[in-house]
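J.: One structure, pasted below without further comment.
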Amino acid sequence: MGKYIIEGGYSLSGEIKVQGSKNAVLPLLAATVLNEGKTYFHNCPKILDVYNMLNILTAIGCTIKWDKDVLIIDSSNITTHIIPEKYVQMMRSSIILLGSVLGRLKTVKISFPGGCSIGTRPIDLHLKALKQMNVDIKDRHGFIECSTNEIIGNKVSLDYPSVGATENIMLTAVLSEGITTINNAAKEPEIVELQEFLCKMGAKIEGAGTDTIIIKGVNKLNSVEYRIMPDRIVAGTYMCAVAAAGGEVLLKDVCKEHLNSTITKINEMGCFIKEFEDSILIKAPERLKSLDLIRTQPYPGFPTDMQAQLMSCLVTADGTSIIAETIFESRYKHVAELVRMGADIIIDGRIAVLKGVNRLNGAEVFAEDLRGGAALVLAGLGAEGKTIVNNASHILRGYENLEKDLSLLGANIKYSSD
Ligand code: EPZ
């Protein structure tokens, strides 16, 4: 599963470009199935989750090609409506193929995506909405089988602004009969990106970024060329790396509007931040300040995908900080590992109380999920001595060049595939 070996105590300086967005590209890759032509992607991150999604697209009949950094997907010939189980088990977000394959073929069979280390992650909201769009759903033997002779647009109200459910409804409704309205929709930038991509292919959608999205069904979508937006969580992770290790760094190719809540918290910790057109300069203070309360929330609130990285900074801040993880029920797997490094953290259900210590000690730790793993690497940058972060494959799922980028900035970090 690979590991990162980090010698702590090196501050960061210089500039790096932020990769394309994982959580934007995955639904866009799923959406290519709706297009009977070709899709050309620029700025597509080369990460394990993308390769896994490309394996699924190949397995259902798409042709995949890289022309230097341009990813070309030909989805003119889809050969099956059955999504291979082995890939679904490797990546929860393959569930978004439910909407696109159903939209294209009017039938789909996919295995129930198991939970993952951060929570049970049910898909009840996805299925409830599809049933309201004239889709017959059978779940048996661990599989979901959906079929319809016609997807019919409808008014759908989500009990919770789920990102995945909003994306699946949009993908199902694009080639449907009539109009679909999603109330209490997710407002994440990745939803806006999906609307923009689908509309560039000829879809009729408006309202993404607000809590009401309206989709007018169309008959056909066209080939398209598209540049993937920058990854706001990777940008936030790098900002926390500077806060944890010290130093001054310019992050290039970021969309600062997507980072407002993250920038606010990092600024409150005492980091100096200067925003430019599409880049951000961050400079760390001598010692970070603690934060009274950080509550993770749906966008535009503070993202749950930044909770672990911010925690890895606050464990050495001056004072006590409190984090409330409101989105996922078991997203504190990194805590025991940070405590192994000398952090002082108490967990009570969804609440974490962090008493800042002067400095962490390097240690051998184990990543249990993507963002928790990245947080352990950040903790190692500021720690005394050597840190070994095992199970690095969790991190490679979403970070294209973590080791290379941090080395470029002066960190002492190596990746070993052993
Ligand atoms: C997306 O997951 C992201 N993944 C997650 O990022 C992110 O943490 C999450 O949104 C929240 O921002 C991708 O975009 C690929 P949700 P998703 O549906 O769509 C509950 C990362 O680190 N829920 O908004 O699965 C659910 O259990 C990943 O990059 C239901 O109860 O998130 C959770 O508690 C991790 N029933 C909450 O809603 C449903 O039918 C949010 O889930 C659907 C969701």
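J.: In this model, which of K65/K200; K131/K187; K200/K333 are farther than 31 Å apart at the alpha-carbon? Please list the in-between numbers first.
T.: Working: K65/K200 21 Å; K131/K187 23 Å; K200/K333 40 Å.
Pairs exceeding 31 Å: K200/K333.
J.: In whole Å, largest first, what are the principal axis extents of the Cα atoms in region 1-114?
T.: 56, 32, 18
J.: Between N412 and E85, 0.36 nm times their residue separation minus their Cα-Cα distance comes to what? Mind dumping the intermediate values first?
T.: Numbers: separation 327, 0.36 × 327 = 117.72 nm, distance 3.95 nm.
Gain in length upon complete extension: 113.8 nm.
J.: Okay, moving on. Using mean Cβ contacts within 10 Å as the protection proxy, how do 186-195, 43-52, 149-158 order, highest first?
T.: Working: 186-195: 22.2, 43-52: 20.2, 149-158: 16.8.
The densest-packed peptide leads the list: 186-195, 43-52, 149-158.
J.: Only bridges with both residues in region 248-385 count here: give the DSSP antiparallel percent, nearest 5.
T.: Working: 19 of 25 bridges.
Of those bridges, close to 75 percent are antiparallel.
J.: Here is a further query. Expressed as a whole number of Å, what is the distance separating the alpha-carbon centroids of region 76-155 and region 228-269?
T.: Result: 34 Å between the Cα centres.
J.: Now for a separate question. Only sites in a loop by DSSP and with at most 11 other Cβ atoms within 10 Å count here; which trypsin sites (Lys or Arg not before Pro) in region 62-94 make the cut? Spell out each step's value before the answer.
T.: Numbers: sites: K65, K68, K86, R92; in loops: K68.
Qualifying residues, ordered by number: K68.
J.: So what's region 117-233 giving for Cα Rg divided by 2.2 N^0.38 Å, two decimals? Walk me through the intermediate numbers first.
T.: Values: Rg = 14.5 Å, N = 117, 2.2 N^0.38 = 13.4 Å.
Dividing the Cα Rg of region 117-233 by 2.2 N^0.38 Å gives 1.08.
J.: Any idea which of T172, S393, C44 is furthest toward the positive side of the dipole for the chain, if Lys and Arg beta-carbons carry +1 and Asp and Glu beta-carbons -1?
T.: T172
J.: Which residues does the label zone of R227 cover in region 51-93, counting backbone N under 19 Å from a point 7 Å along Cα→Cβ?
T.: Within reach of a label on R227: 67-73.
J.: State the dimensionless ratio Rg/Rh of the chain (Rg: radius of gyration of Cα atoms; Rh: Kirkwood radius). Could the numbers behind the result be given before it?
T.: On the way: Rg = 21.4 Å, Rh = 21.9 Å.
That ratio is 0.98, to two decimals.
J.: So if I take the centroid of the Cα atoms in region 353-404 and the same for region 286-348, what is the distance between those two points in Å?
T.: After rounding, the separation between the Cα centres reads 14 Å.
Throughout, read-outs are computed from the coordinates displayed, never taken from laboratory work. These figures come from a predicted structure and were not determined experimentally. Here the Cβ is made from the backbone with ideal geometry for all residues, glycine too, and neighbour counts use every protein chain on show.
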